[in-house]
1. Mind checking which pairs have a first residue in the stretch 317-346 that is within 16 Å of Gly369 (Cβ to Cβ) and a second that is loosely packed, with under 11 Cβ neighbours inside 10 Å and basic (Lys, Arg), Cβ under 9 Å, 6 or more apart or different chains?
2. Could you list, in sequence order, all residues of the stretch 250-272 that are at pLDDT 90 or above and under 18 Å from Arg335 (Cα atoms)?
3. Quick check on the stretch 249-256. Is at least one of its residues touching a Phe, Trp or Tyr at 6+ places or on another chain (Cβ under 8 Å) and over 22 Å from Leu132 (Cβ atoms)?
4. Please find, within the stretch 355-370, the residue that is modelled with the lowest pLDDT out of those that are of a type outside the set (S, T, N, Q) and under 30 Å from the mean Cα position of the chain (by Cα).
5. Hey, among Met108, Met126, which residue is at positive phi and touching a strand residue (DSSP E or B) at 6+ places or on another chain (Cβ under 8 Å)?
6. Please work out which residue is farthest from Val266 (Cα to Cα), limiting yourself to the stretch 186-243 and to residues that are hydroxyl-bearing (Ser, Thr, Tyr) and touching a residue at least 40 places away in the same chain (Cβ under 8 Å).
7. For the condition at pLDDT 90 or above, polar (S, T, N, Q) and in contact with a strand residue (DSSP E or B) (Cβ under 7 Å, 6 or more places away or on another chain), what is the one hit in Gln220, Gln203?
8. Quick test for you: out of Val252, Val313, pick the one residue that is surrounded by 14 or more Cβ atoms within 10 Å (Cβ to Cβ), touching a residue at least 24 places away in the same chain (Cβ under 8 Å), part of a helix (DSSP H, G or I) and not assigned by TED's automatic domain parsing to the domain that holds Asp217.
Amino acid sequence: MNSIIVKTPVCPVKGDPTMKTRIKVLAIALIASAATLAVNCGQKASEAANTSMMVVYTTGSAFILPEGKSEVPAKVGMVVRQNDVIRTESGTVDLQTRSGSAVRVREMTRITISALNASGETKLNMQHGGLLASVKKAGQGENFSVVTPTAIAGVRGTTFSVEVGEDSRSSVRVIDGKVAMAPRVASLDKFSDAQIKADPNLQKLSDLSKKEIVLEDKTQGTLDANLEKQLMNANQVLDSASPAPAKLTDVVAATSTAKPVESQKVEVSTREIIEARTLVTVDPSIMEKAVKGQESEAAKEITSRREVAQETVLNQIMEDAGSVKLNSEKEIQQRYNKLELVVLKNGDQIRGAVIAQTENSIVVHSPEGVKKIPRSDLNYQEPLF
């Protein structure tokens, strides 16, 4: 008689070393997977921060137009990306890059972020208005530039301002450092490299950007007046539905000039120096929170850190301003190129210059001295000059 052997499944029992090993392996795999996910998320947030700018301060009427979306009021903690538009009316917007560079978009200005990418290129296209920038020394491969309809300013570590006046003329003013300035035909951007190379007139206009000069600190650069007029004419011709070759030839001929960029030494005003010092930045790591959608949390941290930094700056500004005795309104006006009336809620009035201001305070220099006034005590201020 054959015996029947029944094999009973072996179930793990308490203390089974095989099961313990399996559990350990599974736990390690889960931990490794979670760690990998966290690293990947962190890398993506860091990469997104490198291709973004963040609003760190704003005043008055200022707006952000994200690409493909509706315009919204600018708020601290907001993230702006390539092709977004910043527009100001009576307000200003301070932006910061991941590398720690800062830009103040001044009143009545429109700027498009035309390039902001991982390769290190940052390009601000300013249609009109003005800006102040403090750019950290660029690393290898980094490139920061501001372009206007008729000029381009490329920097690698400096503090400077760019203006496009009501007459559409562009100017670059270097407070410290160096800026390379050159002519530019904005409408060439819509043509490919191949199209430009195939057309002698387009190539000549493109070659104008090679005629740059380097502006050093305390120097202002402007384009030759006739050249700038012809650059604007070139933009108009190229923007037409069917550019007339004859018109373009005439414009190109008129753009030939021995010295396209004119420079002159200027005295940097106290007002400019103070404004540059109030362009403070925060820890760039906060941008990673903002790009993750944690704008509210980022805004709180930005505001807290800026308040500390700004108080330090304000105290230094007050100390420096207080060392200069100005005995009359005329002397105040000459030093700061402005004169204002500051009216407090208690009815007191101060005639002088508001030389610095933050979210919480303003600093006024008057013939009576330098005074910091809490915004909560301020009724209004208006220009007298």
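The values are calculated or read from the model by the stated rules, or taken from the named source; none is laboratory data. What you are looking at is a predicted structure, and each value in this text was computed from that prediction instead of being measured. Quick reminder, even Gly has a Cβ in these numbers, built from the backbone with ideal geometry, and neighbours come from all protein chains shown.
1. As it stands, the answer is Glu331/Lys325, since those pairs meet every condition given.
2. Passing the criteria: only Val266.
3. No, because not a single residue in the stretch 249-256 is touching a Phe, Trp or Tyr at 6+ places or on another chain (Cβ under 8 Å) and over 22 Å from Leu132 (Cβ atoms).
4. The qualifying residue modelled with the lowest pLDDT is Glu359.
5. Met108
6. Selected residue: Ser187.
7. It is Gln220.
8. Exactly one of Val252, Val313 is surrounded by 14 or more Cβ atoms within 10 Å (Cβ to Cβ), touching a residue at least 24 places away in the same chain (Cβ under 8 Å), part of a helix (DSSP H, G or I) and not assigned by TED's automatic domain parsing to the domain that holds Asp217, namely Val313.
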